[in-house]
1. Please list, ordered by first then second residue, the pairs with beta carbon atoms under 8 Å, 6 or more apart or interchain, first in the stretch 132-153 and touching a residue at least 24 places away in the same chain (Cβ under 8 Å) and outside any loop (DSSP other than H, G, I, E, B), second of a type in the set (D, E, K, R) and surrounded by 12 or more Cβ atoms within 10 Å (Cβ to Cβ).
2. Are any residues in the stretch 36-56 surrounded by fewer than 18 Cβ atoms within 10 Å (Cβ to Cβ), over 17 Å from residue 78 (Cβ atoms) and of a type outside the set (Lys, Arg), and if so, which ones?
3. Which residue out of 56, 67, 46, 63 is assigned to a strand (DSSP E or B) and among the aliphatic types (A, V, I, L, M)?
4. I'd like the full set of residues that are of a type in the set (Lys, Arg) and either exposed (fewer than 14 other Cβ atoms within 10 Å of the Cβ) or more than 20 Å from the chain's Cα centre (by Cα) (or both), limited to the stretch 78-98.
5. Can you confirm whether residue 149 is at pLDDT below 90, farther than 30 Å from residue 31 by Cα and of a type in the set (A, V, I, L, M, F, W, C)?
6. Say we look at the stretch 1-39 and pick out the residues that are touching a residue at least 12 places away in the same chain (Cβ under 8 Å) and acidic (Asp, Glu); which of these is farthest from residue 102 (Cα to Cα)?
7. Tell me the residue from 108, 100 that is part of a loop (DSSP other than H, G, I, E, B) and either over 22 Å from residue 41 (Cβ atoms) or at pLDDT below 90 (or both), please.
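The values are calculated or read from the model by the stated rules, or taken from the named source; none is laboratory data. Since we're looking at a predicted model, the values are computed, not measured. No Cβ is skipped: glycine too gets one built from the backbone with ideal geometry, and neighbour counts run over all protein chains shown.
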Amino acid sequence: MPSFDIVSEVNQHEVRNAVDQANKEIANRFDFKGSDARVEQAELQLTVFADDDFKLKQVHEVLAGKLSKRGVDLRSLEKGGVEKISGNKVKQEATVKTGIATDQAKKIVKLIKDSKLKVQASIQGDAVRVSGGKKDLLQEAIQLVRKSVTEIPLQFTNFRD
């Protein structure tokens, strides 16, 4: 029976490369000379350091540019609150989200079931598996999900005939 998986994944190597490129650009830019602006990464956790809120915003813009050039969807970045650290310096945590949250997966399954397409959708961990009798029905389901779900980046993988 033909099937495919709906997942939300991020290439961690591209995130690492984007962070490295952002740090290089920050080190070389004139407006950051003498400042403690940088981006640190621990797995899927990014920490942005800067001297003040304005520079923090600039560092985020540099990082966002590098991430988008490397094909990482910015919707997968979830920013935390801005924290004050020693003196005027600030930091902000950002988490790279992977996988589809359970409530989002339930919405996708409900969307597919309400569409009256002759396909079955089921939650498989942090992914949604869709199976049906014909490839054409699966392609219609892909188009429906692409058009309807815009909050998180989705990929359609494991297409089996």
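1. Listed pairs, sorted by first residue: none to list.
2. Result: 36, 51, 52, 53, 54.
3. 46 is the lone residue from the list that is assigned to a strand (DSSP E or B) and among the aliphatic types (A, V, I, L, M).
4. Correct list: 79, 84, 89, 91.
5. Details: at pLDDT below 90: yes; farther than 30 Å from residue 31 by Cα: yes; of a type in the set (A, V, I, L, M, F, W, C): yes.
Considered against the rule, which asks whether it is at pLDDT below 90, farther than 30 Å from residue 31 by Cα and of a type in the set (A, V, I, L, M, F, W, C), residue 149 comes out as yes.
6. Among residues in the stretch 1-39 that are touching a residue at least 12 places away in the same chain (Cβ under 8 Å) and acidic (Asp, Glu), the one farthest from residue 102 (Cα to Cα) is 31.
7. Step by step, each of 108, 100 is checked, and only 100 is part of a loop (DSSP other than H, G, I, E, B) and either over 22 Å from residue 41 (Cβ atoms) or at pLDDT below 90 (or both).
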